[in-house]
1. Return the pairs, sorted by first residue and then second, in which the second residue is in a strand (DSSP E or B) and away from the ligand (no atom under 11 Å from the Cβ), the first residue lies in region 132-148 and is within 19 Å of Met217 (Cα to Cα), the beta carbons are less than 6 Å apart, and the residues are 6+ apart or on different chains.
2. Whether any residue in region 26-48 is under 30 Å from Asp190 (Cβ atoms), surrounded by 15 or more Cβ atoms within 10 Å (Cβ to Cβ) and in contact with a Cys (Cβ under 8 Å, 6 or more places away or on another chain) is what I want to check.
3. For a quick check of your reading: which helices (runs of 4 or more DSSP H) sit entirely within region 1-105 and have at least 2 residues that are touching a Leu at 6+ places or on another chain (Cβ under 7 Å) and without any contact (Cβ under 8 Å) to a residue 12 or more places away in the chain?
4. Exactly one of these conditions fails for Gly40: (1) touching an Asp or Glu at 6+ places or on another chain (Cβ under 6 Å); (2) within 14 Å of Lys119 (Cα to Cα). Give me its number.
Amino acid sequence: MSARESAHRVVAIDGPAASGKSSVARALAKQVGFNYVNSGAMYRAVTWYVLKNNVAPGDAAAIVRLLNNTRIDCTLADKGSRILIDDVDPTAHLCDDRVNEEVSLVSSVPRVREILVEKMRVLARDQDVVMEGRDIGSVVFPDTPYKFYIDASPDVRLRRRQAQGLRDQIAARDRADSSRRASPLIIAEDAHVIDSSNLTIEGVVGEIIGRLKMKGMEIS
Ligand code: DC
């Protein structure tokens with residue numbers, strides 16, 4: 001399915017690691033009554049599965065072979081998204097240190113992206129979604145008129161991760177995510193950029209909603 005076939009509304013929220021986009025996307029989805037989809041969780045789920053099967057995260061051919069024999073189910077439920085890999089729910093492992101370390105590498109494999117992008121488009125086929133990630137506005141839904149790029153200074157992002165009690169080399173991850181060949185993290189030409197360094201979640205959500213209304217979205 002191509003991005004053009006999605007009949008429903010997609011709000012794309014992209015940005016680097018720990019920019020605040022997850023909190024913003026979740027709060028925004030709740031306020032406008034859309035489903036919240038965290039595409040990073042899908043890449044994390046596949047990374048966990050690759051590691052669980054002792055496949056080297058740098059071995060793209062072995063990852064593709066593994067995924068050829070794996071069922072990945074992505075569904076919407078209770079206004080959020082769920083992922084099952086061969087019937088197993090990986091949610092508890094998505095922020096494991098090993099997953100944090102290897103997710104950029106696994107998500108740079110073009111076939112991994114192809115598989116997951118298709119799943120993302122299917123999720124948005126029948127329902128409205130707020131979807132966050134790195135390439136949602138640039139690649140997954142290039143035709144949506146609702147694109148946002150949330151940024152924050154490196155210091156603020158590091159402090160946010162530490163406050164979550166997570167060990168995460170965000171600078172290294174950003175470098176890898178921005179420099180990979182397949183769908184790197186970029187600011188889509190028509191995205192509205194918000195620096196959240198000195199803003200609250202409510203402040204950012206308020207700015208997005210103002211913008212959505214300006215673009216003619218009806219919000220109840
Ligand atoms: O949003 P996050 O930090 O949980 O994402 C984890 C990783 O997944 C990120 O470092 C790169 C990858 N990712 C991606 O390549 N494309 C997306 N749309 C979302 C995430």
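1. Hits for this filter: Gly137/Lys147; Phe141/Val10; Thr144/Val10; Tyr146/Val11; Phe148/His192.
2. yes
3. Answer list for region 1-105: none.
4. Of everything listed in (1) touching an Asp or Glu at 6+ places or on another chain (Cβ under 6 Å); (2) within 14 Å of Lys119 (Cα to Cα), Gly40 misses just condition (1).
All of the numbers you see were taken from the coordinates with simple rules; none came from a lab. What you see is a predicted model; the values in this text were computed from it and never measured. Cβ atoms come from the backbone with ideal geometry, glycine included; neighbour counts cover every protein chain shown.
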